[in-house]
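First comes the structure, then the notes that go with it.
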Amino acid sequence: MTQATEILGHCAPAWARVKDAFAANFADAHELGAALCVHVDGEPVVDIHAGVVDSRAGGAWRDDTLVNVFSTTKGIVSALALRLVAEGRLSLERPVADYWPEFAQNGKGRIPVKWLLTHRAGLPAVRGMLPDDALYDWERMCTALAAEMPWWEPGTRHGYHPVTFGWLIGEVIRRVSGVSVGEYLQQAFAGPLALDLFIGVPESQHGRIARISRPAPDPTNLEAMSFMQKVMTDPTGVTSRAFANPMSIATGTNTPEWRSAQIPAANGHATARAVSRFYAALAGGGTLDGIEVLPKDVLKYCWTEESAGSDAVLGIDTRFSCGWMLSQKRPNTAFGPGARSFGHPGAGGSVGMADPERRIAIGYVMNRMGAHILLDPRATRLIEAVYA
């Protein structure tokens, strides 16, 4: 029998069930290193961590350990866009080309900004193969996307944009704000709210980043196996190109190049406390500690359904608001029972979410990736424990 993993940090007595669920992930779900933070009414009731930062070299997970949260980054980037909307500098209904003229190529001149956020633009991938290092080249990726022809008629359907999402909305943010997405994140949210959160981690902070461990194939996970088969057997199809052109995002995640680059759909690095604190502001009416993140009249975009049904890229049904995933209409894929709950999972397990009706926010980060397409069972267990 293996020794129980020591759970460190703070957990209010009334929330002990959440700590138990976190410990259970280590006991029977092969968790390696992880952290969990839960805010209620803007106050942290759970802020715990455990395990190791590197499966090979060990090293204890600390309360300031950073880790790549993959697509959990998308919710934060979406809020940056809405911040510009709130300031009157960006309109969701205006064409992207009004802000980024080169984007109008190949019949894209009328695509509104909103369709970038709602995965309806038809640009989840670049058709022509790109070299691996293009992943770290902002100008090259934006130039390729500006020249790309949509994979379907924009606005007629939706399909998850796993990596291109970040460059598409990120370039609009850059053009409007005048600074990079990573810089704007520090100006708008990370600095004012004291969030340990980066898109493009300074080299001086690389030493506290946990090493990501990739998942082993699980033949019992039929949905994931079917998805991988689709990627591998149709290399020129939209799904394969979306996840593997320039290259699979999982390939470079532990390199300095990945950590330093700005890939706003996939390479945010954060602590669980930072993710939860960010969502605590959204769950609390847009304000935390007297600092307004988003005004109340813009918050509706976080939970209002914009896209639903068959996903042209993932091949399953999905639901999205303006940048966030909503609870899916399938088992074990809900952000709790709240009708207005919203959030975003990241590849392999991480998640950030808010429930404005109950003023709950959750941030969960980890370094052992799972193989599930949407919410990982570890995250689902934690969310269910919070509501229990």
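Below are the figures for this structure:
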| item | result |
| --- | --- |
| Fully extended contour minus Cα-Cα distance, from Arg94 to Ala14, at 0.36 nm per residue | 24.0 nm |
| Extension gain (nm, one decimal) between Arg62 and Lys296, 0.36 nm per residue minus Cα-Cα | 80.8 nm |
| Those GluC sites (Glu not before Pro) in segment 1-103 that DSSP places in a loop and that have at most 16 other beta carbons within 10 Å | Glu6, Glu87, Glu93 |
| All-pairs Cα distance distribution in segment 2-68, expressed in whole percent, bin size 5 Å | 4, 17, 28, 25, 17, 7, 3, 1 |
| 0 to 90° range, to nearest 10: angle between helix 164-177 axis and the chain longest Cα axis | 80 |
| Relative contact order (%) - segment 8-382, alpha-carbon pairs under 8 angstrom, separation at least six | 25 |
| Distance violations [Cα-Cα > 24 Å] among Lys114/Lys300; Lys74/Lys329; Lys108/Lys296; Lys74/Lys114; Lys19/Lys329; Lys108/Lys329 | Lys108/Lys296; Lys19/Lys329; Lys108/Lys329 |
| Inter-part distance where segment 282-297 and segment 18-40 are each reduced to a Cα centre, Å | 28 |
| Spin-label zone in segment 131-173 - amide nitrogen under 17 Å from a point set 7 Å from the Cα of Ser248 along the C-beta vector | 132-133, 135, 162-163 |
| Chain lengthening between Arg157 and Asp28 when straightened (0.36 nm per residue, less Cα-Cα) | 42.5 nm |
| Nitroxide proxy distance, nm - points 7 Å out along Cα→Cβ at Asp41 and Asp132 | 5.2 |
| Value in Å of the Kirkwood radius, where the chain supplies the Cα pairs that are averaged | 20.6 |
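Computed from the coordinates by the stated procedures, all read-outs in this text should not be read as laboratory data. Because the structure is predicted, anything quoted here is derived from the model rather than measured. When we count neighbours, we look across all protein chains shown, and the Cβ atoms used for this are built from the backbone with ideal geometry, even at glycine.
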